[in-house]
Amino acid sequence: MLFRSLAVEKLMGLEITERCQVLRVIACEMSRIISHLVWLGTTGIDLGAFTPFLWSFQERERIYNLQEAWTGARLTTSLTRVGGMMADIPDGWEAGLREFCRTFPRTLDEVHTMFTRNAIWIGRTQGVGVMNRADAINHSLSGPMLRASGVDYDVRKDRPYLGYETYTFDVPVGEHGDIYDRYLVRMEEMSQATRILEQALVRLEALRGAPINVSDPRVILPPKSLAMSDMEAMIYHFKQVMEGVKPPAGEAYMGIENPKGELGYYFVSDGTAKPVRWRIRPPAFLNLSALPRLCEGAILSDVIAINASIDIVMGEVDR
């Protein structure tokens with residue numbers, strides 16, 4: 001939903017509110033942590049380590065509780081709207097996120113203690129599934145897969161959106177391009193995501209009570225009370241529900257730093273509510289294409305670890 005909204009907003013020239021930007025950043029970084037936690041826990045299972053799986057999914061549930069309190073859903077959330085958000089955070093919600101940011105680094109430290117210098121983990125990951133810098137670029141890899149191969153590229157830094165250029169965070173980059181580097185990159189990305197969340201919470205406090213939606217009736221539904229009492233508001237409500245948002249004729253591309261890589265949205269409009277062309281760039285689909293190259297010279301048991309290190313989503317791949 002986010003990248004679609006950003007593409008339409010770019011085409012329409014909409015300037016979203018500052019509070020909306022901060023809330024979107026929070027939603028993005030929470031999702032980044034969730035995604036990496038799923039990868040960490042399931043990859044541990046694939047390589048025979050069960051305890052970190054429990055730690056990862058316990059932390060994941062804490063974020064799901066926050067998402068449910070905000071959106072009413074845990075997994076299939078629908079929060080972003082063109083021009084704003086479905087809803088603001090409920091009262092007291094920030095306290096739960098602050099507590100998560102305060103305690104989550106302890107779990108990361110425990111995982112480092114369990115994995116980072118573990119001889120079995122090192123033996124299964126170091127020097128396995130190596131992808132050098134040039135090959136990573138030629139295979140159009142992105143996200144942790146690309147950065148683990150030594151390419152310092154992050155959409156949040158190189159093509160900023162949502163004001164990411166105003167946040168202080170580091171982009172971890174690997175040296176060897178193996179499974180072990182992909183593990184270290186994702187671990188550090190969770191630490192940096194926590195760092196961004198802490199900064200966003202400070203900004204959110206300063207923006208308390210600020211609007212989360214633009215005041216453009218072409219894209220934002222008017223309040224229900226106004227739609228039932230004002231004829232113009234009722235017309236706007238009817239046109240949006242029946243016809244949808246109509247961006248001007250033109251084209252736009254918007255890429256965001258998804259947890260698995262660059263998630264891009266190419267949109268061509270002819271001025272109606274239905275796009276002429278709509279192309280999605282799914283990072284997992286492209287990252288998976290490098291699997292044959294990564295498995296060259298590996299033994300059969302390494303294929304499980306290599307495949308896990310890519311962190312694919314079958315919904316993106318099996319389309």
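A few remarks follow.
- Subset of the range 47-75 that is touching a Gly at 6+ places or on another chain (Cβ under 6 Å) and touching a residue at least 24 places away in the same chain (Cβ under 8 Å) - its residue that is nearest to residue 217 (Cα to Cα): 66
- Each residue in the range 277-298 was checked for being over 19 Å from residue 182 (Cβ atoms) and loosely packed, with under 14 Cβ neighbours inside 10 Å, and 3 pass.
- Residue count for the range 148-166 under the criterion of being more than 16 Å from the chain's Cα centre (by Cα) and in contact (Cβ under 8 Å) with a residue 12 or more places away in the chain: the result is 5.
- One residue stands out among those in the range 240-276 that are at positive phi and in a strand (DSSP E or B): the one that is surrounded by the fewest Cβ atoms within 10 Å (Cβ to Cβ), which is 250.
- Single match in 267, 238, 285 (criterion: among the aromatic types (Phe, Trp, Tyr) and within 22 Å of residue 317 (Cβ to Cβ)): 285
For every residue, the table says whether it meets (1) under 27 Å from residue 304 (Cβ atoms); (2) open to solvent by 20 Å² or more (accessible area, probe 1.4 Å); (3) in contact with a strand residue (DSSP E or B) (Cβ under 8 Å, 6 or more places away or on another chain); (4) assigned to a helix (DSSP H, G or I).
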position: 44; (1), (2), (3), (4): yes, no, no, yes
position: 48; (1), (2), (3), (4): yes, yes, no, no
position: 52; (1), (2), (3), (4): yes, no, no, yes
position: 58; (1), (2), (3), (4): yes, yes, no, yes
position: 63; (1), (2), (3), (4): no, no, no, yes
position: 74; (1), (2), (3), (4): no, yes, no, no
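- Neighbours by Cβ (under 8 Å, 6+ apart or cross-chain): first from the range 283-304, hydroxyl-bearing (Ser, Thr, Tyr); second surrounded by 18 or more Cβ atoms within 10 Å (Cβ to Cβ) and not in a helix (DSSP H, G or I): 289/139
- Of the residues making up the range 215-229, those that are surrounded by 12 or more Cβ atoms within 10 Å (Cβ to Cβ) and either modelled with pLDDT of 90 or more or not in a loop (DSSP other than H, G, I, E, B) (or both) are 226, 227.
- Qualifying position, being touching a residue at least 40 places away in the same chain (Cβ under 8 Å), assigned to a loop (DSSP other than H, G, I, E, B) and within 26 Å of residue 252 (Cβ to Cβ), among 31, 5, 78, 35: 78
- All positions within the range 169-190 that are under 27 Å from residue 7 (Cβ atoms) and either of a type in the set (Phe, Trp, Tyr) or open to solvent by 70 Å² or more (accessible area, probe 1.4 Å) (or both): 169
- Residue check for residue 233: more than 26 Å from residue 43 (Cβ to Cβ), buried (at least 17 other Cβ atoms within 10 Å of the Cβ) and at pLDDT below 90: yes
- Within the option set 165, 188, being within 30 Å of residue 120 (Cβ to Cβ) and of a type outside the set (Ser, Thr, Tyr) holds for one residue only, 188.
- Tally of residues being farther than 18 Å from residue 256 by Cβ and either open to solvent by less than 10 Å² (accessible area, probe 1.4 Å) or at pLDDT 95 or above (or both) across the range 1-38: 4
The values are calculated or read from the model by the stated rules, or taken from the named source; none is laboratory data. Since the structure is predicted, the reported quantities are computational estimates derived from the model, not experimental observations. We place every Cβ from the backbone using ideal geometry, glycine too, and count neighbours over all the protein chains shown. Areas reflect the complete protein model, heavy atoms only, side chains present, ligands, DNA and RNA absent. Shrake-Rupley method; radii C 1.70, N 1.55, O 1.52, S 1.80 Å.
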